Amino acid sequence: MNRTRKTIAYGDRIFARVTRNGRTILNFVTEQVSDMTELIAELRKAMKDLSGLVMIHIRNYHKGWGDERPLLLYNRSNRMLFPWEVH
């Protein structure tokens with residue numbers, strides 16, 4: 001499998017579509033992330049009440065690449081709290 005390095009720079013227009021079972025649950029556009037980690041964090045924030053496996057379809061308009069990858073979401077209100085989070 002040939003995987004080229006797909007970079008994101010701050011200011012790149014990023015389109016992200018999140019699907020589950022073939023249905024679109026979120027369309028997201030931003031120019032305010034500088035890497036994939038920040039993009040994933042923004043997507044998680046936008047879907048904070050959802051849980052389960054979704055597919056994200058990402059397109060970098062400025063660099064001309066697209067990618068898709070699975071993402072496991074978890075509903076923060078239902079997750080187990082660690083002792084240091086309750087004090």
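The values are calculated or read from the model by the stated rules, or taken from the named source; none is laboratory data. Keep in mind that what you see is a predicted model, and the values were worked out from it rather than measured. Methodologically, a virtual Cβ is constructed for each residue, glycine included, from the backbone with ideal geometry; neighbour enumeration extends over all protein chains shown. Just so you know, the surface numbers come from the protein's heavy atoms only, side chains and all, with ligands and any DNA or RNA stripped out. Shrake-Rupley method; radii C 1.70, N 1.55, O 1.52, S 1.80 Å.
Structural remarks
- Within the assembled protein chains, the solvent-accessible surface assigned to residue 49 is about 110 Å², based on a 1.4 Å probe.
- Lys, Arg +1 and Asp, Glu -1 on Cβ, resulting dipole of region 1-67 about Cα centre, debye, nearest 20: 240 debye
- Share of carbon and sulfur in the accessible heavy-atom surface of region 1-74 [1.4 Å probe, %]: 48 percent
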